[in-house]
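In what follows, a structure is listed as C-alpha coordinates, so that the remarks can point back to it.
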Amino acid sequence: MQTTNGAFPTEELRGRFARARRVCVLTGAGVSAESGIPTFRGGGGAAVWKGLPFDVISSAEMVERDLQAVWEWFDFRREVIRVVRPNPAHEALARWQDLFEDFTLVTQNIDGLHQAAGSSEVIELHGNIWRARCVMCGRLEHLSHDHSQMRSPRCTNCEGEMRPDVVLFGEIVPPEAFERAMLKAQACELFFVVGTSALVYPAAAIPEMAQTAGAFVVEINPELTPLSGFCNEVINGKAGEILPLFDAR
Ligand code: OAD
(Lines give C-alpha, C1' and ligand atoms only; values in the text may rest on other atoms or scores of the structure.)
Protein backbone atom coordinates (compact mmCIF):
# COMPACT_ATOMS: atom_id res chain seq x y z
CA MET A 1 0.00 0.00 0.00
CA GLN A 2 1.16 3.46 -0.90
CA THR A 3 1.20 6.08 1.84
CA THR A 4 1.14 9.66 0.66
CA ASN A 5 1.96 12.42 3.09
CA GLY A 6 0.85 15.94 2.41
CA ALA A 7 -1.35 18.74 3.61
CA PHE A 8 -3.98 18.32 0.86
CA PRO A 9 -6.01 15.41 -0.46
CA THR A 10 -4.39 13.93 -3.58
CA GLU A 11 -6.14 13.83 -6.95
CA GLU A 12 -6.58 10.10 -6.46
CA LEU A 13 -8.37 10.63 -3.16
CA ARG A 14 -10.57 13.38 -4.58
CA GLY A 15 -11.58 10.98 -7.33
CA ARG A 16 -12.37 8.24 -4.84
CA PHE A 17 -14.39 10.69 -2.75
CA ALA A 18 -16.40 11.78 -5.82
CA ARG A 19 -17.14 8.19 -6.86
CA ALA A 20 -17.68 6.61 -3.43
CA ARG A 21 -21.08 5.26 -2.46
CA ARG A 22 -20.28 3.88 1.00
CA VAL A 23 -18.17 6.05 3.31
CA CYS A 24 -17.33 5.64 6.96
CA VAL A 25 -15.59 8.09 9.31
CA LEU A 26 -14.11 7.49 12.77
CA THR A 27 -13.45 10.61 14.82
CA GLY A 28 -11.58 11.31 18.04
CA ALA A 29 -10.88 14.27 20.30
CA GLY A 30 -8.84 16.06 17.60
CA VAL A 31 -12.07 16.86 15.73
CA SER A 32 -13.24 18.98 18.66
CA ALA A 33 -9.81 20.54 19.35
CA GLU A 34 -10.54 23.52 17.10
CA SER A 35 -13.74 24.12 19.08
CA GLY A 36 -11.56 24.62 22.14
CA ILE A 37 -11.91 21.24 23.87
CA PRO A 38 -8.47 19.97 24.88
CA THR A 39 -7.60 16.49 23.55
CA PHE A 40 -6.86 13.71 26.05
CA ARG A 41 -3.24 13.21 25.20
CA GLY A 42 -2.78 16.90 24.46
CA GLY A 43 -3.49 17.88 28.06
CA GLY A 44 -7.19 17.18 28.74
CA GLY A 45 -6.46 13.72 30.10
CA ALA A 46 -4.06 15.23 32.63
CA ALA A 47 -6.90 17.14 34.27
CA VAL A 48 -7.30 16.83 38.02
CA TRP A 49 -10.68 17.30 39.76
CA LYS A 50 -10.63 17.92 43.50
CA GLY A 51 -7.26 16.23 43.78
CA LEU A 52 -8.31 13.18 41.77
CA PRO A 53 -6.62 12.48 38.42
CA PHE A 54 -8.85 12.27 35.35
CA ASP A 55 -8.64 8.49 35.03
CA VAL A 56 -9.62 8.04 38.70
CA ILE A 57 -12.61 10.38 38.79
CA SER A 58 -13.77 9.03 35.38
CA SER A 59 -13.60 5.39 36.39
CA ALA A 60 -15.99 2.50 36.96
CA GLU A 61 -14.54 2.12 40.43
CA MET A 62 -15.46 5.70 41.31
CA VAL A 63 -19.08 5.10 40.25
CA GLU A 64 -19.19 2.35 42.86
CA ARG A 65 -17.33 4.34 45.49
CA ASP A 66 -18.67 7.89 45.11
CA LEU A 67 -21.24 8.44 42.36
CA GLN A 68 -21.91 11.95 43.66
CA ALA A 69 -18.28 12.93 43.00
CA VAL A 70 -18.50 11.46 39.49
CA TRP A 71 -21.61 13.57 38.84
CA GLU A 72 -19.92 16.72 40.13
CA TRP A 73 -17.08 16.13 37.69
CA PHE A 74 -19.39 15.47 34.75
CA ASP A 75 -21.65 18.40 35.69
CA PHE A 76 -18.54 20.56 35.58
CA ARG A 77 -17.46 19.13 32.21
CA ARG A 78 -20.94 19.75 30.77
CA GLU A 79 -20.71 23.38 31.91
CA VAL A 80 -17.44 23.72 29.99
CA ILE A 81 -18.79 21.99 26.87
CA ARG A 82 -22.16 23.80 26.98
CA VAL A 83 -20.73 26.99 25.54
CA VAL A 84 -18.55 25.28 22.92
CA ARG A 85 -19.65 25.39 19.27
CA PRO A 86 -19.09 22.90 16.43
CA ASN A 87 -16.22 23.83 14.11
CA PRO A 88 -15.79 23.44 10.31
CA ALA A 89 -14.77 19.79 10.78
CA HIS A 90 -18.08 18.88 12.45
CA GLU A 91 -19.93 20.97 9.86
CA ALA A 92 -18.21 19.26 6.91
CA LEU A 93 -19.04 15.80 8.29
CA ALA A 94 -22.66 16.84 8.77
CA ARG A 95 -22.79 17.78 5.07
CA TRP A 96 -21.19 14.48 4.06
CA GLN A 97 -24.23 12.53 5.31
CA ASP A 98 -26.13 13.86 2.28
CA LEU A 99 -23.40 13.15 -0.26
CA PHE A 100 -23.29 9.36 -0.20
CA GLU A 101 -25.66 6.46 -0.59
CA ASP A 102 -24.46 5.11 2.76
CA PHE A 103 -22.59 7.31 5.20
CA THR A 104 -21.60 6.31 8.74
CA LEU A 105 -20.11 8.54 11.39
CA VAL A 106 -18.52 6.79 14.35
CA THR A 107 -17.13 8.85 17.19
CA GLN A 108 -15.18 8.32 20.37
CA ASN A 109 -16.19 11.81 21.51
CA ILE A 110 -18.83 12.34 24.16
CA ASP A 111 -19.32 16.08 23.61
CA GLY A 112 -22.31 15.87 21.25
CA LEU A 113 -20.77 18.37 18.81
CA HIS A 114 -21.37 16.17 15.75
CA GLN A 115 -25.08 16.18 16.55
CA ALA A 116 -24.97 19.93 17.29
CA ALA A 117 -23.55 20.43 13.79
CA GLY A 118 -26.44 18.46 12.27
CA SER A 119 -25.16 14.88 11.99
CA SER A 120 -28.26 12.82 12.48
CA GLU A 121 -27.01 9.31 13.03
CA VAL A 122 -23.84 9.06 15.05
CA ILE A 123 -22.49 5.81 16.43
CA GLU A 124 -21.17 6.77 19.84
CA LEU A 125 -18.54 4.33 21.05
CA HIS A 126 -17.92 6.08 24.36
CA GLY A 127 -21.40 7.41 25.14
CA ASN A 128 -22.56 11.01 25.44
CA ILE A 129 -22.08 13.54 28.22
CA TRP A 130 -25.59 14.88 27.55
CA ARG A 131 -27.22 11.63 28.65
CA ALA A 132 -27.75 9.90 32.00
CA ARG A 133 -28.45 6.21 32.37
CA CYS A 134 -30.15 4.21 35.14
CA VAL A 135 -27.72 1.72 36.66
CA MET A 136 -30.63 -0.67 37.29
CA CYS A 137 -32.91 -0.68 34.23
CA GLY A 138 -30.73 1.19 31.70
CA ARG A 139 -33.35 3.89 31.05
CA LEU A 140 -31.75 6.88 29.31
CA GLU A 141 -32.45 10.50 30.13
CA HIS A 142 -31.43 13.51 28.06
CA LEU A 143 -29.68 16.24 30.04
CA SER A 144 -30.76 19.73 29.01
CA HIS A 145 -28.19 22.14 27.59
CA ASP A 146 -29.85 25.18 29.15
CA HIS A 147 -30.61 24.18 32.75
CA SER A 148 -34.32 24.14 31.85
CA GLN A 149 -34.66 20.72 33.49
CA MET A 150 -32.96 19.43 36.59
CA ARG A 151 -31.08 16.17 36.33
CA SER A 152 -33.06 13.39 38.06
CA PRO A 153 -31.04 11.80 40.87
CA ARG A 154 -33.16 8.62 40.63
CA CYS A 155 -34.69 6.78 37.70
CA THR A 156 -38.31 7.80 37.16
CA ASN A 157 -39.00 4.25 36.05
CA CYS A 158 -37.46 2.05 38.75
CA GLU A 159 -35.89 4.43 41.32
CA GLY A 160 -32.42 3.13 40.43
CA GLU A 161 -29.47 5.54 40.63
CA MET A 162 -28.70 7.56 37.51
CA ARG A 163 -25.12 7.80 36.23
CA PRO A 164 -23.49 9.56 33.27
CA ASP A 165 -24.06 7.54 30.07
CA VAL A 166 -20.38 7.54 29.18
CA VAL A 167 -17.82 4.76 28.99
CA LEU A 168 -15.48 5.19 31.94
CA PHE A 169 -12.03 3.78 32.57
CA GLY A 170 -12.41 0.11 33.42
CA GLU A 171 -15.62 -0.26 31.37
CA ILE A 172 -16.22 -1.83 27.99
CA VAL A 173 -17.48 -0.13 24.84
CA PRO A 174 -21.21 -0.83 24.28
CA PRO A 175 -21.09 -4.05 22.22
CA GLU A 176 -24.01 -3.07 20.00
CA ALA A 177 -22.37 0.24 19.00
CA PHE A 178 -19.06 -1.45 18.31
CA GLU A 179 -20.69 -4.16 16.24
CA ARG A 180 -22.54 -1.62 14.09
CA ALA A 181 -19.35 0.41 13.60
CA MET A 182 -17.40 -2.69 12.63
CA LEU A 183 -19.98 -3.84 10.09
CA LYS A 184 -20.17 -0.39 8.47
CA ALA A 185 -16.37 -0.17 8.39
CA GLN A 186 -16.14 -3.54 6.71
CA ALA A 187 -18.77 -2.59 4.13
CA CYS A 188 -17.40 0.82 3.07
CA GLU A 189 -15.15 1.72 0.15
CA LEU A 190 -13.61 4.81 1.74
CA PHE A 191 -12.75 5.11 5.42
CA PHE A 192 -11.52 8.26 7.19
CA VAL A 193 -9.84 8.21 10.59
CA VAL A 194 -9.79 11.76 11.90
CA GLY A 195 -8.27 13.33 15.01
CA THR A 196 -7.56 10.24 17.06
CA SER A 197 -4.30 9.07 18.54
CA ALA A 198 -5.50 5.52 17.79
CA LEU A 199 -4.19 4.27 21.11
CA VAL A 200 -7.47 3.26 22.70
CA TYR A 201 -8.99 -0.08 21.74
CA PRO A 202 -11.29 -1.38 20.44
CA ALA A 203 -11.93 1.87 18.48
CA ALA A 204 -8.35 1.88 17.17
CA ALA A 205 -8.90 -1.52 15.54
CA ILE A 206 -11.72 -0.30 13.29
CA PRO A 207 -9.63 1.36 10.52
CA GLU A 208 -7.59 -1.79 10.06
CA MET A 209 -10.79 -3.87 9.86
CA ALA A 210 -12.00 -1.52 7.12
CA GLN A 211 -8.80 -1.87 5.16
CA THR A 212 -8.68 -5.65 5.52
CA ALA A 213 -12.18 -5.73 4.04
CA GLY A 214 -11.01 -3.64 1.05
CA ALA A 215 -11.55 0.02 2.01
CA PHE A 216 -9.15 2.82 1.08
CA VAL A 217 -8.15 4.27 4.48
CA VAL A 218 -7.31 7.95 4.93
CA GLU A 219 -5.93 9.52 8.10
CA ILE A 220 -6.33 13.21 8.89
CA ASN A 221 -4.22 14.35 11.83
CA PRO A 222 -1.50 16.98 12.29
CA GLU A 223 0.64 14.26 13.88
CA LEU A 224 1.59 10.72 12.93
CA THR A 225 -0.09 7.91 14.85
CA PRO A 226 0.40 4.14 15.12
CA LEU A 227 -2.07 3.86 12.21
CA SER A 228 -0.22 6.20 9.84
CA GLY A 229 2.04 3.48 8.47
CA PHE A 230 -0.74 1.35 7.09
CA CYS A 231 -3.14 4.07 5.93
CA ASN A 232 -3.45 4.45 2.15
CA GLU A 233 -3.23 8.21 2.46
CA VAL A 234 -2.14 10.36 5.39
CA ILE A 235 -3.03 14.05 5.39
CA ASN A 236 -1.03 15.90 7.99
CA GLY A 237 -3.30 18.77 8.90
CA LYS A 238 -6.11 19.99 11.11
CA ALA A 239 -9.52 18.43 10.67
CA GLY A 240 -11.23 21.83 10.47
CA GLU A 241 -8.99 22.88 7.61
CA ILE A 242 -8.78 19.61 5.66
CA LEU A 243 -12.31 18.15 5.80
CA PRO A 244 -14.02 21.19 4.21
CA LEU A 245 -11.67 20.85 1.20
CA PHE A 246 -13.37 17.65 0.07
CA ASP A 247 -16.79 19.08 -0.74
CA ALA A 248 -15.64 22.64 -1.48
CA ARG A 249 -17.05 23.94 -4.75
P1 OAD B 1 -6.32 11.73 22.00
O2 OAD B 1 -6.17 12.91 22.88
O3 OAD B 1 -5.66 10.47 22.40
O4 OAD B 1 -5.78 12.09 20.55
C5 OAD B 1 -6.18 13.25 19.88
C6 OAD B 1 -5.58 13.22 18.50
O7 OAD B 1 -6.06 14.35 17.80
C8 OAD B 1 -4.05 13.28 18.46
O9 OAD B 1 -3.55 12.29 17.59
C10 OAD B 1 -3.77 14.68 17.91
O11 OAD B 1 -2.59 14.71 17.10
C12 OAD B 1 -5.00 14.91 17.07
N13 OAD B 1 -5.35 16.32 16.82
C14 OAD B 1 -5.11 17.40 17.61
N15 OAD B 1 -5.61 18.51 17.05
C16 OAD B 1 -6.20 18.12 15.88
C17 OAD B 1 -6.91 18.81 14.85
N18 OAD B 1 -7.13 20.13 14.90
N19 OAD B 1 -7.37 18.08 13.80
C20 OAD B 1 -7.16 16.74 13.74
N21 OAD B 1 -6.49 16.04 14.69
C22 OAD B 1 -6.03 16.72 15.75
O23 OAD B 1 -7.89 11.51 21.76
P24 OAD B 1 -8.65 10.22 21.24
O25 OAD B 1 -7.85 9.48 20.26
O26 OAD B 1 -10.02 10.65 20.88
O27 OAD B 1 -11.91 7.51 26.00
O28 OAD B 1 -8.73 9.38 22.57
C29 OAD B 1 -9.38 8.17 22.55
C30 OAD B 1 -10.04 7.91 23.89
O31 OAD B 1 -9.08 8.03 24.94
C32 OAD B 1 -11.07 8.93 24.29
O33 OAD B 1 -12.35 8.73 23.67
C34 OAD B 1 -11.17 8.72 25.76
C35 OAD B 1 -9.70 8.54 26.13
O36 OAD B 1 -9.47 7.63 27.15
C37 OAD B 1 -12.76 7.47 27.04
O38 OAD B 1 -12.94 8.40 27.80
C39 OAD B 1 -13.46 6.14 27.19
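The values are calculated or read from the model by the stated rules, or taken from the named source; none is laboratory data. Worth saying up front: this structure is predicted, and the values here are computed from it rather than measured. Positions of Cβ are generated from backbone atoms using ideal geometry, with glycine treated the same way; all protein chains shown enter the neighbour counts. Only protein heavy atoms, including side chains, enter the accessible area calculation; ligands, DNA and RNA are left aside. Shrake-Rupley method; radii C 1.70, N 1.55, O 1.52, S 1.80 Å.
In table form, for the structure just shown:
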quantity: Wholly enclosed strands (runs of 3 or more DSSP E) of region 131-200 bearing at least 2 residues over 29 Å from Pro244 (Cβ atoms); calculated: 140-142, 162-166
quantity: Residue in region 224-234 that is assigned to a helix (DSSP H, G or I) and either hydroxyl-bearing (Ser, Thr, Tyr) or not assigned by TED's automatic domain parsing to the domain that holds Arg21 (or both) present; calculated: no
quantity: Breaking point among (1) at negative phi; (2) within 12 Å of the ligand (Cβ to nearest atom); (3) at pLDDT 95 or above; (4) open to solvent by less than 50 Å² (accessible area, probe 1.4 Å), for Gly44; calculated: (3)
quantity: Pick from region 98-112, criterion out of contact with any Gly (no Cβ under 8 Å at 6 or more places or on another chain) and in a loop (DSSP other than H, G, I, E, B), ranking: surrounded by the fewest Cβ atoms within 10 Å (Cβ to Cβ); calculated: Glu101
quantity: Selection count, region 179-201, where residues are more than 10 Å from the ligand (Cβ to nearest atom), touching a residue at least 40 places away in the same chain (Cβ under 8 Å) and open to solvent by 40 Å² or more (accessible area, probe 1.4 Å); calculated: 4
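Rundown of residues vs (1) open to solvent by less than 60 Å² (accessible area, probe 1.4 Å); (2) away from the ligand (no atom under 16 Å from the Cβ); (3) farther than 18 Å from Pro164 by Cα; (4) among the polar types (S, T, N, Q), yes/no style:
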residue	(1), (2), (3), (4)
Gly15	yes, yes, yes, no
Arg19	no, yes, yes, no
Arg22	no, yes, yes, no
Gly28	yes, no, yes, no
Thr39	yes, no, yes, yes
Phe54	yes, no, no, no
Ser58	yes, no, no, yes
Arg65	no, yes, no, no
